[in-house]
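Structure record follows, encoded as structure tokens.
Here, each number is a calculation from the coordinates, and none is a lab measurement. Just so it is clear, the model here is predicted, and its values are computed rather than measured. Neighbour counts are summed over all protein chains in view; Cβ atoms, including those assigned to glycine, are modelled from backbone coordinates with ideal geometry.
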Amino acid sequence: MQSIQEVVHIIPLGHEYDRAVKPFEERKADRVHLLSVADITKYPEEMLERQAHFTKKVTLQLEGMGIRVVPHSVDLFNILEVMNAISKIITDEKTHGNHVLVNMSACGRLTSVGATLAAMAHDATVYYMSADDYSMNEDDFLNHGLSICERKKIIRFENFQFVLPDKISTAILVELCTQGRGITTKDIRNVLHVQGVPGFEKDADSIPKASTDENQRLEKTKQLIKMEKRYLEPLERSGYIRRERSGRNNIISITESGKYVAHISGALKN
């Protein structure tokens, strides 16, 4: 039996209330993933207390509307963490056939950029809750958040196509990002072997010397050529990796652009 498609919203939440809850006064949702800064001691205590106020206020209101809230503690001031967290949620929900929407207006500017990029990369619907006014005193701020929304005007963005690397190339970037340092082509070849990538089924380094050095050399050469032409050269042309020589080794490192791709892929583990 085919499961019923659920409507799922992702809301990175800053010091906002209206912008988070007003969309649900006229639209239904089954579940909300609520991302907020929590228990991150590097930020001022007063800021965390205010965030806790809005997180609790939004959660109680949504639950009162019959919407299940799934909390996520994410450093919303780190755009890479934002993209990684949202991408993972989207890919998981889409795996279950659900319709995913991302509210990019209930958070700060940097977070909204990361949320929008992640949503569009995975073809989720991005929307913006327009403000009619802004809080000018403490009471309004605590009741509405930074923004006051009365008309409930929602703007949906048109997605544009992201051309991301293929699954195997992305796996290489994720490995480089996870390692946090440059690795050799031998290391990358091993990643491809462990993942069972066609053409890398054999572990070229484990071929017994007794079976002749020629067999080992030919297998290594075949795999190296395929790795270069199919994966490393395209990644380098796209600016996602860089190469450096260290003695006899070719060291592959991830660039800042490559880190963005790894985080937005949804495949990077925390």
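Points to keep in mind about this one:
- Think of segment 1-145 as a dipole: +1 on every Lys or Arg Cβ, -1 on every Asp or Glu Cβ, centred on the Cα centre; then among Val70, Val37, Met120, Met120 lies furthest on the positive end.
- Among beta bridges that DSSP assigns inside segment 1-146, antiparallel share in %, nearest 5: 5 percent
- Taking only the C-alpha atoms of segment 7-156, the Rg (one decimal) and the largest Cα-Cα distance, Dmax (whole number), read 14.2, 44 Å.
- Under 28 Å from the Cα of Lys222 - lysines, other chains or at least 8 residues apart: Lys167, Lys186, Lys202, Lys209
- Spatially proximal lysines relative to Lys28 (Cα-Cα < 27 Å; intrachain offsets below 8 disregarded): Lys56, Lys57, Lys88, Lys94, Lys152, Lys153
- Dipole check for segment 167-264: with +1 at the C-beta of Lys and Arg, -1 at the C-beta of Asp and Glu, and the Cα centre as origin, the magnitude is about 180 Debye.
- Under the span-like rule (Cα at least 15 Å along the axis, Kyte-Doolittle mean at least -1.0), DSSP H helices of the chain: 45-64, 79-95, 109-121, 167-179
- For the chain, averaging the sequence separation of C-alpha pairs within contact (under 8 Å, six or more residues apart) and dividing by the residue count gives a relative contact order of 19 percent.
- Dipole magnitude (debye, nearest 20) for the chain, charges at Cβ of Lys, Arg, Asp, Glu: 1220 debye
- Candidate values (i) 0.99; (ii) 0.97; (iii) 1.10, label of the one derived for Rg/Rh (Cα atoms, Kirkwood Rh): (iii)
- Amide hydrogen proximity for Val102: with H placed 1.01 Å from N in the peptide plane, the residues at 5 or more positions away or on another chain lying under 5 Å are Ile10, Thr125, Val126, Tyr127.
- Lys/Arg +1, Asp/Glu -1 at C-beta; the chain dipole; positive extreme among Ile241, Phe141, Met129: Ile241
- Residue exposure sequence - Leu232, Leu60, Leu146 - by fewest surrounding Cβ within 10 Å: Leu60, Leu146, Leu232
- In a simple Cβ point-charge model (Lys, Arg +1; Asp, Glu -1; nothing else charged), segment 99-166 has a dipole of about 200 debye relative to its Cα centre.
- Low-density loop positions, trypsin sites (Lys or Arg not before Pro), segment 38-82 - DSSP coil, at most 11 other Cβ in 10 Å: Lys42
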